[in-house]
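The values are calculated or read from the model by the stated rules, or taken from the named source; none is laboratory data. Note that the coordinates shown come from a computational prediction; the quantities given were computed from them, not determined experimentally. Cβ placement follows ideal geometry from the backbone for every residue including glycine, while neighbour counts extend to all protein chains displayed. Note: areas computed on protein heavy atoms with side chains; ligands, DNA, RNA excluded. Shrake-Rupley method; radii C 1.70, N 1.55, O 1.52, S 1.80 Å.
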Amino acid sequence: MTRSDVQLMLDVKAGDDASFDLLLQKYRRPLVNFLYRMVRDTATAEDLAQEVFLRVYRARKQYSPSAKFTTWLFRIATNLALNSVRDNRHRQKDVSIDAASSPDEDAAPMQLPAPEMRIDEHMIERDRADYIRKVISELPEKQRVAVLLHKYEEMDYAEIARILECSESALKSLLFRAYETLRVQLAPLVNASASRREGSQS
Amino acid sequence: MKCEDVSKELIPYLDRRSNSADRHEVEEHLAICVACRTRAEELRTLWSVLDEVPIVEPSLGFDARMRARIAEEPQPRWFRWFVPQPRLAMAMALLLAVSVWITRLPQDNSGLPGSVQNEQQQFQVIKNLDVLENYDVLSKFDALDEVPADEQPAPQPDQQNDQQQQQE
Ligand SMILES: [Zn+2]
């Protein structure tokens, strides 16, 4: 019988480090990937993932199962990633998640792909992936987190809303705006992919 | 439903992760509106494009590094709960020594007349118990507080020998 995440964490609280190892095995991969998509640097992503696990471990004695384990885990990860990104940009703004929801967030500048880079169906796979990551990373902070948790972690609305500390309806708007931006930015890839699909269907 | 309302419900409709009651309304609208149907198709394609981003694997040393950092974390000291103070530890050690000494007495002095032996015995026990209750004696152990437990001198054996010599 497999123990739930909450049960594993309660066992860690009771002093069982082996249970912590099970949580590590289960979540290091999604966590490293989430953080990599946030910061776009593998070494930084791994450092941050270690920091997330360390914080979870240090907080074990105070752990109470009031929320899903993943909500807690990804909340810590989101905060650390956003701080890291902000530090990287040498900004000295308020670092809470809410600071990201300022009215001008939609006006964030969207960089265009380098002119020598051809954005079409002939792009080699690695370049396509890099380009997609880049476009995602240029979304406003809150939209970016929403997309990553929605698309790649496949979380439900209630959980993402809790991680972002917003209402579900606000989350729906965030996702709507984020995917609209991505649809426009990735239009060459989307259209190529769509026409390829039509071609294979007929 | 208008196109504007549908577009906001389109993502929850397509990902099937929302249990809102709007599913039927969205479906009805999509059946009659080409623009929204196209948008829905584009969203699906966008998601398949986003899936092209490969999964990265944590480096091989990730777990080892993590375990090393966990091992460095201070562990809760359960033994402190049993022995909170050196003074109490010393008192407990003395009490143990006294009880060992009491159990050994009858064997060592089996040749002596019963009544005399009993009086002596009781006197010694009372004398030793006084030591435990004497605050001045115990407070002198404060000087030992900073000495690690395994380096503390153990006065019990000498005490025992003295007492046995006294009786012989
Ligand atoms: Zn419509």
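Things worth noting here:
This table checks each residue for (1) more than 14 Å from every other protein chain (Cβ to nearest Cβ); (2) part of a helix (DSSP H, G or I).
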{"site": "A:Gln50", "(1), (2)": "no, yes"}
{"site": "A:Phe53", "(1), (2)": "no, yes"}
{"site": "A:Ser66", "(1), (2)": "yes, no"}
{"site": "A:Trp72", "(1), (2)": "yes, yes"}
{"site": "A:Ala81", "(1), (2)": "yes, yes"}
{"site": "A:Val85", "(1), (2)": "yes, yes"}
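- Enumeration of residues in the range B:58-69 that are facing another protein chain (nearest Cβ under 7 Å) and either basic (Lys, Arg) or assigned to a loop (DSSP other than H, G, I, E, B) (or both): B:Pro58, B:Ser59, B:Arg65, B:Arg69
- Unmet criterion (only one of (1) more than 10 Å from chain A (Cβ to nearest Cβ); (2) within 31 Å of the chain's Cα centre (by Cα)) for B:Ala31: (2)
- In the range A:20-37, the residues that are among the polar types (S, T, N, Q) and either free of Cβ contacts under 8 Å to residues at least 60 places away in the same chain or surrounded by fewer than 20 Cβ atoms within 10 Å (Cβ to Cβ) (or both): A:Gln25
- Meets criteria (among the β-branched types (Val, Ile, Thr), more than 24 Å from A:Glu154 (Cβ to Cβ) and either part of a helix (DSSP H, G or I) or within 8 Å of the ligand (Cβ to nearest atom) (or both)) for B:Thr38: yes
- Consider the range B:4-28 and keep the residues that are modelled with pLDDT of 90 or more and within 15 Å of the ligand (Cβ to nearest atom). The one that is surrounded by the fewest Cβ atoms within 10 Å (Cβ to Cβ) is B:Glu27.
- Unique match (being within 27 Å of A:Val147 (Cβ to Cβ) and away from the ligand (no atom under 16 Å from the Cβ)) among B:Leu43, B:Leu50: B:Leu50
- Hey, A:Ser195 within 19 Å of B:Tyr13 (Cα to Cα) and of a type outside the set (Lys, Arg) or not: no
- Restricting B:Ala31, B:Ala35, B:Ala40 to those that are within 17 Å of A:Val190 (Cα to Cα), open to solvent by 30 Å² or more (accessible area, probe 1.4 Å) and among the aliphatic types (A, V, I, L, M) reduces the list to B:Ala35.
- Taken over the range A:162-202, the criterion of being in contact (Cβ under 8 Å) with a residue 60 or more places away in the chain, outside any helix (DSSP H, G or I) and within 10 Å of chain B (Cβ to nearest Cβ) is satisfied by no residue.
- Cross-chain or 6+ apart pairs with Cβ under 9 Å, the range B:35-57 first and facing chain A (nearest Cβ under 7 Å), then assigned to a loop (DSSP other than H, G, I, E, B) and more than 16 Å from the ligand (Cβ to nearest atom): B:Leu46/A:Leu186; B:Val49/A:Leu186; B:Leu50/A:Leu186
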